[in-house]
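The values are calculated or read from the model by the stated rules, or taken from the named source; none is laboratory data. Note that this is a predicted model, so its numbers are computed, not measured. Reconstructed Cβ throughout: ideal geometry from the backbone, glycine too, with neighbour counts over all protein chains shown. Ligands, DNA and RNA are excluded from the accessible area calculation, which covers all protein heavy atoms including side chains. Shrake-Rupley method; radii C 1.70, N 1.55, O 1.52, S 1.80 Å.
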Amino acid sequence: MYDRPDIHQLLEAVKSYLQREVVPAVQADRKQYYQALVAINVLGMVEREMQMSVEHLHSEWSRLNFVQNVSTPLPTEIIEARAALAERNRKLCEEIGAGRYDYSPQRSALFEHLLVTTRAQLEVANPKFLQAIAAEGESPVT
């Protein structure tokens with residue numbers, strides 16, 4: 001539908017420019033250097049979210065159906081789906097507060113859902129942290 005450069009190429013071009021030109025030019029100024037690194041990280045997060053958000057949304061919706069023991073269909077429009085997911089998470093918080101997940105097997109299902117959801121969030125926000133955790137798990141304990 002759109003011509004080149006596509007949105008991923010545009011994001012990569014901005015990131016490359018910041019890394020090649022801006023970061024070296026502002027290294028002496030700690031504040032500008034830090035802000036340039038933050039900008040690069042934000043662009044990476046935006047790109048990863050664009051790549052993964054639909055898959056993550058579908059996966060979280062399915063897990064919530066399992067955790068809440070329902071079979072609610074996911075809205076087809078992405079904006080509606082995101083709003084509905086936010087509402088379901090608000091409801092989940094209320095259910096947690098009311099003690100619905102205090103005992104197994106509900107608690108186990110909830111914990112698994114929260115673990116997978118947190119991992120998905122970290123895949124977007126900080127994949128290097130996930131890699132570090134994986135590396136720690138693979139290294140032998142001495």
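Over all directions, what mean area does the Cα convex hull of the range 22-142 project, stated in square nanometres? Intermediate results must be reported in sequence, preceding the final value.
Values: hull surface 47.5 nm².
Computing the convex hull of the Cα atoms and averaging its projections yields 11.9 nm².
Note on the range 67-142: with neighbouring protein chains present and a 1.4 Å probe, carbon and sulfur make up 59 percent of its accessible heavy-atom surface.
Surface exposure of the chain, expressed per residue as accessible area with a 1.4 Å probe, stands at 74 Å².
Adding -39500 (n - 2.57) for every DSSP H run of four residues or longer, then dividing by how many residues the chain holds, sets the calculated 222 nm ellipticity at -25000 deg cm²/dmol.
I need the chymotrypsin sites (Phe, Trp or Tyr not before Pro) found in the range 22-125, filtered to DSSP loop residues with at most 15 other beta carbons within 10 Å of theirs.
Details: sites: TYR33, TYR34, TRP61, PHE66, TYR101, TYR103, PHE111; in loops: TYR101, TYR103.
Here the sparse-neighbourhood loop sites are TYR103.
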